[in-house]
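Worksheet for the structure shown next.
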Amino acid sequence: MDRDDLKRQVQEATDIIQLIGEQVTLRPKGKEFACLCPFHEDRNPSMFVSPQKQIYKCFVCGAGGDVFSFVMNYHKLSFPEAMKVLAERAGIELPDTRSPQDTAKASLRQKLADANKCACTFFQRQYQHQQVGAKAREYVATREINEQMLQEFQIGYAPDSWDALAGYLQKRNLPLEDYVECGLVSPRKTGNGLFDRMRHRLIFPIFDALGRPIAFGGRILPDGTLGDKNEAKYLNSPETPLFNKSQTLYGLHLAKQAIIQTRTAVIVEGYMDVVACHQHGVRNVVAALGTALTKEHAHALRHFAEKVVLLFDADEAGQKAADRAVEIFIGGTLDVTIAVLPDGSKDPDELLKLPNGREIWDKAIKDSRDALDYQFDRMKSQFTDNDTVAGRQRLTEEYLRTLALQGLEKMSPIRRGLVYERIANLVHLDEKTIGEMVSRLAKTNRPTPPKPQPAPTPQHPGGADDYLDVMDGDPALMDPDMPHPSDLIPGPGGFDQANADSQNQPNMQPQQASAGSAPKVRSRALKLAERQLLGCLLHRPDLFGITLDDGHAFEEAIIPGDMTTDAANALYHVVYERITAGDALRLSSLLMELMEQGRQDLANLLTQADADIEKLGFTEPEQLEAVFRKAAEKLLEMRQIDEKLQTRDMALNADSAELQEHLLRQIQEQHRANPSPVRIAGLPRGKS
């Protein structure tokens, strides 16, 4: 089987609904599925996934493609890396066809991934070793972690030795610099050699969404013989190109499905808490990695959950953590609640070991309170305890300032009004006054906006916006020329009207109407016509051979290079070559080819072109042909207009040059007939 056949086999063996459904929540919508787009800040589902075509498309940011492009963009992988991931997922064995040169050029991310995988295996083997891992197994037995959890979380052990891992790597001639970069080993401060960063610790591998180890957390074990006895209880890997602790949640790769099913994510504080919860059947639990919750954590969870329950201890540290969490989630789309463990329960592990522990846990989660309610009740308690006017005024202002800083104004008007009402009732002020105070405090604490920068000088006659392409290679960028849904159907709301609008602009100067500086609405109309043309050819390649109304063959009338953007030209070139060569024009194979070439911009454009035609809902071949002819007609009309304008500009420029030359001749003749009266004193006339 050649490599192209192997790529097609991997593509066909991967169901895009299951693939994307593992990362975001998909909901049926007609024949397709809809979800929040993971490639931009999406508050309403704008990405659609087609099970029939095995493609996805976001109608806001323009991201689109097949299974390869999704894995590449979501997990930041190259095409070969995505191919490997999907092949392993489908149980397809890939032959190692990499040359030594290819291996040497492997990306840094891939090198670090290989190093982490090797280290993970090493730590697991050390844990299982009869003598070396004995103390680690004894500790695990006291925490009552079962074998299933050991396997699922791939828990291991870093030996009580200065260089166990370093020696293992050196004996096998493995690239030590990759392990240094991962923070697994470090050069000795004196002398040669390396030492292990993790020593005599129970190792918790930290995984990415694909279940690959990207970092490690180590819990120190008692009775070690090496190192400082005052070492930190937990030690995490440093941040690397693979690992950002502010974006990573421990256990998410195992909790995703349970979170999607329950629409709820529970966030606890430590590795052992997560393991204990999963062992007791509570599978929708994750943990932050020794850091406060961040906007990136919220972004990671919003694709799976509608509600996040923050589980904290009922102490001051837990309350401060809750305040930070409220600040992160208050302006988002997730419902955030706070659950506090009952008095006497130090952590979820201890609670769930009780005979009725699961019952208490479920009740605590069920009774979890809205984060703002939790915060308000704490403020109310402080307010009631303080019986001085000055003290109550200070507490009220501090609380309102906190809410303002946390983004209260971003909340929905209904919920914000309820907050104002509760505060007003407590402090005996009207809601309008409370709202004005919050607005004033928000403005007072709002950072000064940067001074506007002067507009860059354009490098071409038109504005930069006229040249913006659909994606420009980045699925997170929004195309300002993306059509409004009403533009997808030719006619009064589509590119006919857009073209009419552009031709009826008042006071249009010749230089403003030239190609490349057309108004933005005209640029949008052209792009829509081009996409409809490409989409029609994708659905009916036979349209390539039709004769247009003016008697010209389409394949001769519009050739690669006639499109208005680089992306459209490049994509049309691919389509043109495929059709003229008699090759099949399949959406799936085109997308795979484009992603292998690293042309995400063309994959986005191709899926947009396909979506434009699908949105029309035409089923008859004649209807599609009518759209095709109209799009071709518009492109030719625009080209004729541009040619006339260019001809006129050239004539105007030529006339201007001739006029300037004529004026120059007149001035010279006038100068000769009337020499300047200014002369240097003493010189005879005619000499200077």
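The values are calculated or read from the model by the stated rules, or taken from the named source; none is laboratory data. This structure is a prediction, so every number in the text was calculated from the model and none was measured. Ideal geometry is used to build each Cβ from the backbone, glycine not excepted, and the neighbour counts take in all protein chains shown.
Some observations on this one:
- The single condition among (1) surrounded by fewer than 15 Cβ atoms within 10 Å (Cβ to Cβ); (2) assigned to a strand (DSSP E or B); (3) charged (D, E, K, R) that Arg219 does not meet is (1).
Yes/no matrix, rows are residues, columns are (1) of a type in the set (Asp, Glu); (2) modelled with pLDDT under 70:
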site: Val285; (1), (2): no, no
site: Leu289; (1), (2): no, no
site: His299; (1), (2): no, no
site: Glu306; (1), (2): yes, no
site: Val309; (1), (2): no, no
site: Phe312; (1), (2): no, no
site: Ala317; (1), (2): no, yes
site: Ala325; (1), (2): no, yes
site: Ile330; (1), (2): no, yes
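- Selection from segment 361-405 of residues that are over 38 Å from the mean Cα position of the chain (by Cα), surrounded by 14 or more Cβ atoms within 10 Å (Cβ to Cβ) and either closer than 21 Å to Arg416 by Cα or among the hydrophobic types (A, V, I, L, M, F, W, C) (or both): Lys380, Phe383, Leu395, Thr396
- Scanning segment 65-91 for residues that are outside any helix (DSSP H, G or I), at pLDDT 90 or above and either on the phi > 0 side of the Ramachandran plot or surrounded by fewer than 22 Cβ atoms within 10 Å (Cβ to Cβ) (or both) yields a single hit, Gly65.
- Enumeration of residues in segment 18-42 that are under 15 Å from Ile55 (Cα atoms), surrounded by fewer than 16 Cβ atoms within 10 Å (Cβ to Cβ) and under 22 Å from the mean Cα position of the chain (by Cα): Gln18
- Looking at Asp601, Asp549, just one residue is of a type in the set (Asp, Glu), over 20 Å from Gln52 (Cβ atoms), assigned to a helix (DSSP H, G or I) and in contact with an Asp or Glu (Cβ under 9 Å, 6 or more places away or on another chain), and that residue is Asp601.
- Residue in segment 161-178 that is acidic (Asp, Glu), touching a helix residue (DSSP H, G or I) at 6+ places or on another chain (Cβ under 6 Å) and closer than 30 Å to Ser69 by Cβ present: yes
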